[in-house]
Amino acid sequence: MWALSEISLQASKQVHFETPDEPGSALAVFKNYGFSKSHVLNLVRRLPTYSLQNQLVPAFDFLETSLQSDAEAIKAVKRFPLVLNVTVETMARVVDVLRDNGVPGKNIALLIRSRPSVMVSNLENLKKLREEATLMGFHPSKTQFVEAVRVSTAMNSLCCTHLYHQPLA
């Protein structure tokens, strides 16, 4: 068990809050969701300027609804904390693109659970990934389609990281 005042003090050293109660309320919300002390501090460090009520809670609630579980939403945020950086509108558009292309809700949830970074995808890139997976023979209604998209996003991420670390010629 950890004291909110202790965490609030640590968080307030890293983040500028507009009211003295804000650190405690933000931390209480995440604690109530089931986050550990280290995860709360990690979230505060990564997302210091985001409004609890206008951004973080609605984003978490969207994940919770999409995944139909507090525990799964927490796992997704722990896997990729910056998913809380995404507006609910953007997340809804990603889900809509997948749904409009024949991906059933259970497979969308599987994709969000396994690769929450898909929620920050550029919609055009997501459409390209869908096209690539379809051209490879994966049908959007099947779980293998989700795996193809997940692997493709991971490969794109690895390629970008590799290129980023290459010395300039």
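The values are calculated or read from the model by the stated rules, or taken from the named source; none is laboratory data. It should be emphasised that the depicted structure is a prediction, and the values quoted were computed from it without experimental measurement. Heads up, the Cβs are rebuilt from the backbone with ideal geometry, glycines too, and the neighbour counts pull from every protein chain shown.
Under 6 Å between Cβ atoms, which residue pairs at least 6 apart in sequence (or on different chains) link something in region 121-149 that is among the aromatic types (Phe, Trp, Tyr) with a partner that is surrounded by 14 or more Cβ atoms within 10 Å (Cβ to Cβ) and at pLDDT below 90?
Phe138/Ala148; Phe145/Ala133
Hey, can you tell me all the residues within region 19-41 that are at pLDDT 75 or above, outside any loop (DSSP other than H, G, I, E, B) and surrounded by fewer than 17 Cβ atoms within 10 Å (Cβ to Cβ)?
Ala28, Val29, Asn32, Ser38
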